[in-house]
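Have a look at the structure below, then the notes.
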């Protein structure tokens, strides 16, 4: 197609958008070079659900993904010498958005910190931010909050964590540990009588 003007003749050609402008497929992002942020299913698993059985590629992806976490592990849980109390402020390379300071006295913040460090921290971060005794105490609940890959890698490397896997996750009442105010005294026809 041509567009012409007084002194201008230009050919407009239908083109596909440049590769960097295309919309990534689900599960992929421009920020990671188009690689999936989660491991792909193995060829066997894809074949079971009717997907294409591309021999080897899914297994390789999963092995590489697991290896990424395996390389970060300390040699022994005794290397985890992080604080057991107080407020922890991880580096931006570990926690880059949201809450930046975590009070270890607050159960939700403590779980959030440990979950994030296990998923995002490098070996130095793990050793500096995680406490061995606290990790062992939190593991029965924490193991269900982290990805199956992180859980599998940690439990394979450390038998003491695997031994805790069979313990039930700690369920806490909504106000456990918090001072719960007494309800106001009821008055009226449905109030209990005081004698």
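FYI, it's all coordinate maths here, none of it is from the lab. Quick caveat, the model's predicted, so the values are computed rather than measured. With ideal geometry, Cβ positions are generated from the backbone for all residues, glycine too; neighbour counts draw on all protein chains shown.
Worth a mention:
- Cβ-derived FRET efficiency at R0 22 Å, residue 99 paired with residue 169, nearest 0.05: 0.50
- For residue 91 and residue 64, a Förster radius of 25 Å and the Cβ-Cβ distance give a FRET efficiency of 0.50, rounded to the nearest 0.05.
- Modelled this way, with points 7 Å down the Cα-to-C-beta line, the labels at residue 71 and residue 160 are 2.7 nm from one another.
- Volume of the convex hull of region 84-164 (Cα atoms only), normalised per residue: 88 Å³.
- Label-to-label distance, nm, for residues given as residue 79 and residue 144 (7 Å Cα→Cβ offset): 3.0
- Packing rank of 149-157, 91-99, 113-121, 69-77, where each peptide gets the mean count of other beta carbons within 10 Å, highest leading: 113-121, 149-157, 69-77, 91-99
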